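Structure, as C-alpha cells:
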Amino acid sequence: MVCLHGFMETWRTWELVLPALQCRHDVLALTLAGHAGGPAFDAATGQAGLVDAVERAMDEAGFQTAHLVGNSLGGFVALQLAARDRARTVVALSPAGGWDPGSDFYPAIAQRQAEMHRGLQGAALSADAFVSTVQGRRRVTRPQTVAFEHIPAELLAHQVRGVAACDVPAMIDCALREGYELDAERVRCPVRIVWGMNDELLPLPASAVRYRGEWLPTADWVELDDVGHAPQLDVPLETAELILDFTSG
C-alpha cells in the first residue's frame, strides 16, 4: 500500500491510521516532491513530476502495483498513478482537481492556501509553543478537521513546520498554469472516493463536479457527516476501516 498526503503536508498525516493499515499491508507512506522532507519540486516537469517521483519510490520499494490511498493533492496523484497502471485500488479522500476548470474555484483556493502558508511562516519558529494552547491547535487544524482534541500536539507542531517548509509559491504557480487533468479512461482499477461533508477547503458539490460526472461516475462514493478535509486525521479509526474494507475485497 502507498499513502500520499495532501498539499503542504508530509507523510506523517497518516500517522493515526498507519497501525491499522500495517496490520494488513506493507505500507509505504511518502512525502511528495516540494514538501518538507521530500524531493525538490521541479517546475519544468510540473505536476507530472510529482507522479514520476512516486513511481520511482514505488520502483525502489519493489512495488510494481499497490493499493493507493491519497488525500487531496495525494488523491489526485493516486488517480494519475492509476492511469499509469500502477494501482490495484485507489481510495481517494477529498481528491483535488474535480472542480469545473472554467470557474474561478481553484484560484480562490490557491489564494487561501498561499495565505495559510504565509500565516504559518512565523509560527513555525515556535511551533511547539504555538500548539500548546487549545486556540493554537484549533487554528492549525481548522482547515483540515472538525475534531482535533485527539491529535497529538507534537504531530500538529510537525505539520506547522511542514507547511512553512513547503515550496508553496512554485507549486501553486504550476497548478494555476497547468490546471488539473485526468485520463480517466485509463483508470481501470476499483476506486472509492471519500468526502467529509464539513470539508471547508474542498467543499461539495463544487469540488467534485468532474469526479461525479465525466471522470469517475461509477466510483464507489462515501460521504462522512461531521468530517472535514482530512478524514485520516479527523476520524482515523473510521477512515482505516473504509480503506481496509475496500482494499480487502
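Quick rundown of the values:
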| quantity | calculated |
| --- | --- |
| Rounded, prolate or oblate (a/c below 1.5 giving rounded, otherwise prolate when a/b exceeds b/c) for segment 54-201 by Cα gyration tensor | prolate |
| Cα gyration tensor, segment 210-249 - rounded (a/c under 1.5), prolate or oblate | oblate |
| Net charge, His67 excluded, C-beta distance under 11 Å - Lys, Arg +1, Asp, Glu -1 | +3 |
| Among Thr65, Pro143, Val168 the positive-end extreme of the charge dipole of the chain (Cβ point charges) | Val168 |
| Quarter of the Cα convex hull surface for segment 148-245, i.e. its orientation-mean projected area (nm²) | 8.0 |
| Segment 89-136: equivalent-ellipsoid semi-axes (sqrt of 5 x gyration tensor eigenvalues, Cα, Å) | 30, 17, 8 |
| Coil-residue chymotrypsin sites (Phe, Trp or Tyr not before Pro) of segment 37-80, DSSP, other Cβ within 10 Å capped at 11 | none |
| Residues Tyr180, Tyr211, Tyr106, sorted so that the one with the fewest Cβ neighbours within 10 Å comes first | Tyr180, Tyr106, Tyr211 |
| Tail weight of P(r) past 14 Å, computed on alpha-carbon pairs of segment 104-183, percent | 64 |
| Dipole-positive endmost among Pro231, Ala96, Met8 within segment 2-247 (Cβ charges, Cα centre) | Met8 |
| Cβ-defined net charge surrounding Asp85, 12 Å radius [Lys, Arg +1; Asp, Glu -1] | +3 |
| Length-normalised contact order for the chain - Cα pairs under 8 Å, 6+ apart - percent | 25 |
| Isotropically averaged projected area of segment 28-133, using the convex hull of Cα atoms (one quarter of hull area), nm² | 8.7 |
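All of the numbers you see were taken from the coordinates with simple rules; none came from a lab. This one's a predicted model, so the numbers in the text were calculated from it and none came from an experiment. We place every Cβ from the backbone using ideal geometry, glycine too, and count neighbours over all the protein chains shown.
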